Each structure stands twice: as C-alpha cells, then as structure tokens.
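Here is the structure we will look at.
The values are calculated or read from the model by the stated rules, or taken from the named source; none is laboratory data. Predicted model only: the values in this text are computed from it and were never measured. Cβ placement follows ideal geometry from the backbone for every residue including glycine, while neighbour counts extend to all protein chains displayed. The accessibility values were calculated without ligands, DNA or RNA, using every heavy atom of the protein model including side chains. Shrake-Rupley method; radii C 1.70, N 1.55, O 1.52, S 1.80 Å.
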Amino acid sequence: MMNANRTPIRILGLDPGLRRTGWGVLTVEGSRMSHVAHGVIVPDEKADFAQRLLHLFEGIGAVIAEHRPDEAAVEEVFLNTNAQSTLKLGHARAAALIAPAQAGLAVAEYSTRLVKKAVVGTGAADKAQIGFMIARLLPTAGKTTADCADALAVAITHANLRVAHRRVA
C-alpha cells in the first residue's frame, strides 16, 4: 500500500558500501512516485578505515541536509564468502543507519532479495535488470550507475512497503 492519505513523503534510499555508497531520493504522493535526486558517495580508498567511514557518515548527512527526506531505507548486508569483507560492509552499513537516525528519521531495512523482488519481480534479479526497471519506474532519473539504481530500488521498496513495515516494527 502506498501513502494513502496523499501527504507527500520524501524517502532516502541507501545502498551502503565502503568504496561506493549509492543514494537516491524520491517523493511519494498517493500511488505516484517522483525522482528527486541520486548520487554516489565515494571515500578516498587511500584514507584509513575510520576516515572512510567518517566520509560516508558526513556524506549521507549532507544528502539529508540538502534533500530533507522524511524517512530512510537501507539495504541489509548480504553474507559474503570473505568474512573480513562482510565485516567491513557492516561498518559502512552502520554509518548509513546512524546518519539518518541522528537526523531524526525513521530508518527501515530491507534485504537485497526483497528489494530485487519488489522492483523487478524476482529476488534473483541482476544489476542490469534493476537498472532497467529504475529507468522505467523513474524515467526522470536518467541514466544511473548500479549503486544509484540500487539505492533508488531500496527507496521504491520502502515506498511500497512502508505502511506494512510500520505495523511490524
């Protein structure tokens, strides 16, 4: 169910990563979704780990300050075969959860599989399929990178599931 009362809601979607964190903002009014903005936060790979996390945290904070979302949604960590990589991704995800929480936003979390299913129709969709559907669902977004398309997909998932998510939480 979408936003039934037709009050516009602005949603920030985040696809966290230590190298590249994609973000996307959309507005939902009733059953209509509109693209607002999207981008990627890219920390310096040569910086130490704490500085990279700080860059992500501050970058997300800047996006929030500029676009003023009402709610945020973050993609959950998928388990990697490399435990060290999974742990580092978890740290990046923590920055993506804390920045909107610090700004007073409600923050929802969605599994990668659920995001793919919500946007493409199958939980096994690949990056190209997600990009294709983002171009169809949000044509004013123009060409997006995989990170931005994933972030916008997280925002779309939240737009479609936010009422149900609130009942469960």
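Students often get this wrong, so check it: of Lys116/Lys143; Lys88/Lys117; Lys46/Lys88, which have C-alpha atoms separated by over 23 Å? The partial results should precede the final answer.
Details: Lys116/Lys143 19 Å; Lys88/Lys117 26 Å; Lys46/Lys88 15 Å.
Over 23 Å apart, Cα to Cα: Lys88/Lys117.
Among Thr27, Thr157, the sequence by solvent-accessible area, most first, with a 1.4 Å probe is Thr27, Thr157. All other residues whose Cβ lies under 10 angstrom from that of Arg6 are scored, Lys and Arg at +1 and Asp and Glu at -1, for a net of 0. Tell me the net charge near Gln129. Cut-off is 13 Å between Cβ atoms, Gln129 excluded, with +1 for each Lys or Arg and -1 for each Asp or Glu. It works out to a net charge of +2.
The 3J(HN,Hα) values that the Karplus relation (6.51, -1.76, 1.60; θ = phi - 60°) gives for the stretch 133-140 are, in residue order, 5, 4, 4, 7, 7, 10, x, 6 Hz. Gly and Pro appear as x.
State in Å² the accessible area per residue of the chain; use a 1.4 Å probe, count heavy atoms of protein chains only, and round to the nearest integer.
Working: 8710 Å² over 169 residues.
It amounts to 52 Å² per residue over the chain.
With both labels modelled 7 Å from their Cα along Cα-to-Cβ, the Ala62 to Glu45 distance reads 2.0 nm.
Each part reduced to its alpha carbon centroid, the stretch 12-55 and the stretch 85-144 end up 9 Å apart.
Projection of the Cα convex hull of the chain, averaged over all directions and equal to a quarter of that hull's surface, yields 9.6 nm².
Beta bridges per DSSP, both residues in the stretch 1-141: antiparallel share near 65 percent. For GluC sites (Glu not before Pro), the sites in the stretch 1-78 that DSSP calls loop and that have at most 11 other Cβ atoms within 10 Å are Glu45. Here Thr145 sits with roughly 60 square angstrom of accessible surface, probe radius 1.4 Å.
Other residues within the sphere of radius under 10 Å centred on the Cβ of Leu18, judged by their own Cβ, net out at +4 (K and R +1, D and E -1).
Provide, as a two-decimal number, the C-alpha radius of gyration of the stretch 31-97 over 2.2 N^0.38 Å, N being how many residues it has.
Values: Rg = 14.0 Å, N = 67, 2.2 N^0.38 = 10.9 Å.
It is 1.28.
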